[in-house]
Structures are given as structure tokens and as C-alpha cells.
1. Going by accessible area, probe 1.4 Å, with all protein chains left in place, what is the ranking of Met1, Met62, Met25, largest first?
2. So, in nm, how far is label Ile76 from label Ile18 when the simple model puts each one 7 Å beyond its Cα toward the Cβ?
3. Roughly how much of Leu8 is accessible, in Å² to the nearest 10, using a 1.4 Å probe?
4. When the chain is fully extended, how far beyond the present Cα-Cα distance does Val11 get from Arg35, taking 0.36 nm per residue of separation?
5. Can you sort Asp54, Asp77, Asp2 by 1.4 Å-probe accessible area, starting with the largest?
6. Probe 1.4 Å, all protein chains in place: accessible area of Ser27 in Å², nearest 10?
Amino acid sequence: MDVEWGILGGVFGVSLGITIVVVVMFSLGIAAWARAAGGPGPGGSARQGRRGRDKPAVAIAMVCFAACLAVAGYGIDLIVPG
């Protein structure tokens, strides 16, 4: 039984790359969501309500979370036999 180290290294590299991309996308989503929340900033109040929402930041957060969900769903689709 031989191990094809080149293929194993390729699988490791792709797995590591996808993991880094998903972590970065999720982190960007969290950062955009926090920006959209409009927390207390200079001259701002802690309770701004819905008026403090930044719509582009909400859209960016949703796109980042959807990308993470798509990658996770694709990984589950690869693992679970259909």
C-alpha cells in the first residue's frame, strides 16, 4: 500500500486554504454586523435602535454569513452519500 504524498499534500493545502477563507469571511461578517449595530461611538448613544443601522454593513454581513453557510453545506454534501 503506497501513499501518494503529492495528492495528500494537495488535499491538505486545499483544506487549509478553505479553512482560512471561511474563518476570514466569518470574521468579516461579525465585524460588519457589529458596525451595523451602531454601538456607542464618539457622540453616539448606547441605545440608537433601528435608526443606527448601516444597511450596506448589514448586506456585507449577510453575504459573508451566506458564503460560510454555502461552504459548510457543500462540505456536508461531499461527506454524506446521496
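1. Heavy-atom accessible area, descending, gives Met1, Met62, Met25.
2. 1.5
3. We get 90 Å² for Leu8.
4. Numbers: separation 24, 0.36 × 24 = 8.64 nm, distance 3.60 nm.
Separation in residues times 0.36 nm, less the Cα-Cα distance, equals 5.0 nm.
5. Asp2, Asp77, Asp54
6. 70
The values are calculated or read from the model by the stated rules, or taken from the named source; none is laboratory data. Small disclaimer: the values here were computed from a predicted structure and weren't measured. Virtual Cβ from ideal backbone geometry, glycine too; neighbours counted across all protein chains shown. Just so you know, the surface numbers come from the protein's heavy atoms only, side chains and all, with ligands and any DNA or RNA stripped out. Shrake-Rupley method; radii C 1.70, N 1.55, O 1.52, S 1.80 Å.
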